[in-house]
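Accompanying notes for the structure given below.
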Amino acid sequence: MRITIYTRDNCVQCHATKRAMESRGVEFEMINVDLVPDAADQLREQGFRQLPVVVAGDTSWSGFRPDMINRLAAAPRQAHA
């Protein structure tokens, strides 16, 4: 599953999300909306008003959500069990 984190510079919740994903071994790509303004526009059109925005397959959320990050981290282990 492809996981994308939309972030921006100096965003505390963005950094917390990145650290939590890394500590749980979740692979992801990051898109900095400061560098890709079109991405910010697309997120706003989808109703997101807060960063980070995490898109993981059919699931997406905004803000620092340790509960959702834990679900992502657990998903591959469940699939292999």
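In table form, for the structure just shown:
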item	result
Largest-first ordering by accessible area, 1.4 Å probe, given options S62, S23	S23, S62
Span-rule helices in the chain, defined as complete DSSP H runs reaching 18 Å or more along the axis (Cα) with Kyte mean at least -1.0	66-80
Options M21, T7, G57, ranked by Cα towards positive dipole end of the chain, top entry (Cβ charges)	M21
Solvent exposure ordering (accessible area, 1.4 Å, most first) of E29, E45	E45, E29
Estimated dipole of the chain in Debye, rounded to 20 [Cβ of Lys and Arg +1, of Asp and Glu -1, Cα centre]	360
Per residue accessible area of the range 1-58, 1.4 Å probe, in Å²	65
Calculated P(r) tail over 15 Å for the chain, as whole % of Cα pairs	53
10 Å Cβ shell holding at most 13 others, DSSP loop, trypsin sites (Lys or Arg not before Pro): longest site-free stretch of the chain	50-81
Within the accessible area of the chain (1.4 Å probe), percent carbon and sulfur	47
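The values are calculated or read from the model by the stated rules, or taken from the named source; none is laboratory data. These numbers were taken from a predicted model, which means no experiment stands behind them. Positions of Cβ are generated from backbone atoms using ideal geometry, with glycine treated the same way; all protein chains shown enter the neighbour counts. Each accessible area value is taken on the protein alone, full model and side chains, heavy atoms only, with ligands, DNA and RNA left out. Shrake-Rupley method; radii C 1.70, N 1.55, O 1.52, S 1.80 Å.
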